[in-house]
1. For region 193-244, how many residues are crowded, with 23+ Cβ neighbours inside 10 Å, at pLDDT below 90 and in contact with a helix residue (DSSP H, G or I) (Cβ under 6 Å, 6 or more places away or on another chain)?
2. Do the conditions hold for residue 596, that is, is it buried (at least 18 other Cβ atoms within 10 Å of the Cβ) and in a loop (DSSP other than H, G, I, E, B)?
3. Restricting the first residue to region 583-597 and requiring it to be under 20 Å from residue 556 (Cβ atoms) and of a type in the set (A, V, I, L, M), which pairs with a second residue that is assigned to a loop (DSSP other than H, G, I, E, B) and modelled with pLDDT of 70 or more meet a Cβ separation below 6 Å and a spacing of at least six or different chains?
4. Quick check on residue 266: is it within 27 Å of residue 373 (Cβ to Cβ), at pLDDT below 90 and outside the structural domain of residue 23 (by TED's automatic domain parsing)?
5. Quick one: how many residues across region 552-576 are of a type in the set (A, V, I, L, M, F, W, C) and free of Cβ contacts under 8 Å to residues at least 24 places away in the same chain?
6. What are the residues in region 323-342 that are in contact (Cβ under 8 Å) with a residue 24 or more places away in the chain and farther than 22 Å from residue 375 by Cβ, if any?
7. Please specify each residue of region 389-410 satisfying the condition of being surrounded by 23 or more Cβ atoms within 10 Å (Cβ to Cβ) and in a loop (DSSP other than H, G, I, E, B).
8. Return yes when residue 293 is surrounded by 13 or more Cβ atoms within 10 Å (Cβ to Cβ), touching a residue at least 12 places away in the same chain (Cβ under 8 Å) and closer than 29 Å to residue 512 by Cα and no when it is not.
Amino acid sequence: MSNLWDLDHIQPAGTDVLAGSTISAMFWNAVALRGPAVWMRQKELGIWKSWTWDQTAEAVREIAGGLMALGFARGDCASILSNTNIEWVLADLAVLSCGGVSNGIYPTDAAAQVHYLSEDSATTVLFVENDEQLDKALEVRAGLPLLRRIIVFDMEGLRGLQDPGVISLQALRDLGRAWNQQNPDALMRRVQACQPEDVAILVYTSGTTGKPKGAMHTHAALAYTVRGYNTLISRTDQDEAMCFLPLCHIAERMGGEYFSLYTGSRLNFVENPDTVPENVREIAPTVFTAVPRVWEKFYSGVMIALKESTALQQAAYAWSIGVGTRIADLVLAGQPVGGLLKAQFQLARWLALNNVRKLIGIHRARFLVTGAAPISPELVKWYLALGVPMLEVWGMTETCGAATGVPASRIKPGSIGPAAAYNEVRIDPATGEILVRGPNVFKGYLNLPEKTAETIDADGWLHTGDVGTIDADGYLRITDRMKDIIITAGGKNITPSELENELKFSPYVTDAVVIGDKLPYLTVIIMIDQENVEKFAQDNDVPFSNYASLTRAREVQDLIQAEIDRVNTQFARVEQIKKFFLLDTQLTAEDEELTPTMKLKRKLVQQKYAAQIEAMYR
């Protein structure tokens with residue numbers, strides 16, 4: 001178990017553990033190096049099934065052979081429409097091994113979006129997870145003349161399907177096995193022919209306006225960046241990692257699949273999004289990367305469990321977290337921790353903190369990583385008080401993921417750390433915009449040269465759209481998205497994310513969108529945490545019949561008002577929230593108001609709830 005006051009054990013290794021200038025070469029070199037060792041695990045029917053590197057290679061070889069038998073050529077694009085699972089990784093690596101371009105499509109996308117992304121990427125082969133995703137593909141197939149074949153991972157409910165354009169993944173593997181026997185050297189010739197500057201993956205990023213843009217990443221950028229990750233976050237082949245965020249997203253593709261491929265750390269796939277807490281407790285990862293919403297949810301769960309515990313347990317937790325917080329304060333200030341406080345912390349672990357870590361599933365974690373959205377500094381400090389450092393990283397689709405990262409040796413909550421060793425970061429003196437330059441910067445947007453030129457200037461600097469500052473230690477602090485900064489009717493510039501992060505620290509708030517641009521005061525739209533607010537209602541005999549009635553209950557309104565009052569005390573009067581509105585619909589990843597990483601889409605929320613916003617200013 002890690003020592004809070006001694007963080008040297010998680011310093012980056014900085015060593016190149018695997019050769020390869022392309023992702024495909026890196027994978028096959030990993031197979032040769034690690035063969036019988038377990039790489040991936042996935043829970044199926046209640047049992048964790050392991051995949052060794054050799055087993056993975058066999059499957060990838062057969063899928064790649066099947067693709068080549070179908071005429072899949074170098075440079076062709078294959079799209080993957082599936083939830084995060086091992087089959088996603090197998091398909092991705094097979095496509096890259098063939099010299100193709102791999103593109104992910106979110107399983108929550110509607111048929112019209114599947115059509116646009118497949119058409120824009122010139123998809124010739126479409127992998128789909130199951131019958132639900134197949135229905136979308138079949139609905140739009142007629143409008144995709146380049147699409148030659150649809151391949152289904154899970155054929156449950158489709159055994160009687162008779163369609164020459166659709167085959168199962170197993171049938172593709174059977175085809176590939178036979179083709180490889182006739183062409184034993186073909187796949188390795190494809191791998192060797194792949195060049196570092198070839199486009200490897202497309203990652204579609206949606207802006208606030210217009211259609212999604214396909215960011216092109218080369219093998220060189222991916223391989224270079226994934227090596228650089230080890231200078232940010234040290235990981236080895238002894239580590240256990242989780243994989244549950246969408247592999248369509250650059251964060252999980254790079255920080256999950258490719259970083260695990262490079263370091264040899266074991267990758268554990270959850271059963272489904274609802275089983276994440278249970279699966280995390282079962283695996284007890286040694287390194288754990290997630291988005292702020294996951295860390296907020298874990299914290300909320302602990303707070304609710306604490307309310308149900310005995311008075312003695314509550315007292316033990318209060319004393320223990322107090323000790324941990326005192327140590328966290330010293331660590332964050334760069335000051336030494338005395339012997340007496342160390343001894344108290346050992347007792348605090350025994351009394352309560354070890355149990356809290358086990359409840360979450362982070363009792364073996366050397367460190368936690370958070371990114372993809374801002375996180376409350378208080379939440380970072382809370383995990384540090386438990387004895388687990390939380391490292392913030394920042395980046396975007398166009399930077400191959402992380403461009404900055406907080407080192408374990410000097411954590412600054414609210415900061416996203418200095419620039420990674422593999423890129424430069426600076427602030428535009430005229431606008432305050434954060435600029436990034438380096439080999440990790442994307443090649444450009446597919447079919448959009450004008451948009452590419454707007455994003456990458458003549459000197460190679462990527463204009464991120466984020467506003468920030470860099471302190472004397474070189475640490476970057478994000479102010480907000482340029483387009484999100486609020487200028488009130490009185491001319492006051494306000495950063496909404498600071499207020500929103502403090503609100504989300506509440507166990508009763510899942511997300512929040514602060515409103516107030518060109519308006520006389522600030523208001524907020526809040527999505528409540530259904531589980532925790534329902535528990536509050538049950539404990540306090542608050543009647544409700546459904547989610548909507550829960551949000552309208554006077555006691556719930558008072559509960560959220562109290563949370564807003566708590567946050568308001570931390571801000572100047574002009575920055576305080578005057579009114580709020582609770583969303584009366586429980587949103588999920590399938591709803592258009594949420595991003596795949598479970599953030600509310602600010603502009604869409606403001607448009608959809610314009611009437612409710614207007615009512616708050618009457």
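The values are calculated or read from the model by the stated rules, or taken from the named source; none is laboratory data. These figures come from a predicted structure and were not determined experimentally. In this analysis, Cβ positions are derived from the backbone assuming ideal geometry, glycine residues included, and neighbour counts consider all displayed protein chains.
1. Looking only at that region, the number is 2.
2. yes
3. Pairs that qualify, where the first residue is under 20 Å from residue 556 (Cβ atoms) and of a type in the set (A, V, I, L, M) and the partner is assigned to a loop (DSSP other than H, G, I, E, B) and modelled with pLDDT of 70 or more, are 587/593.
4. So residue 266 fails the test.
5. Residues in region 552-576 being of a type in the set (A, V, I, L, M, F, W, C) and free of Cβ contacts under 8 Å to residues at least 24 places away in the same chain: 3 in total.
6. Once the filter is applied, which keeps residues that are in contact (Cβ under 8 Å) with a residue 24 or more places away in the chain and farther than 22 Å from residue 375 by Cβ, region 323-342 yields 323, 336, 337, 342.
7. Listed by number, the residues that qualify are 389, 400, 406.
8. yes
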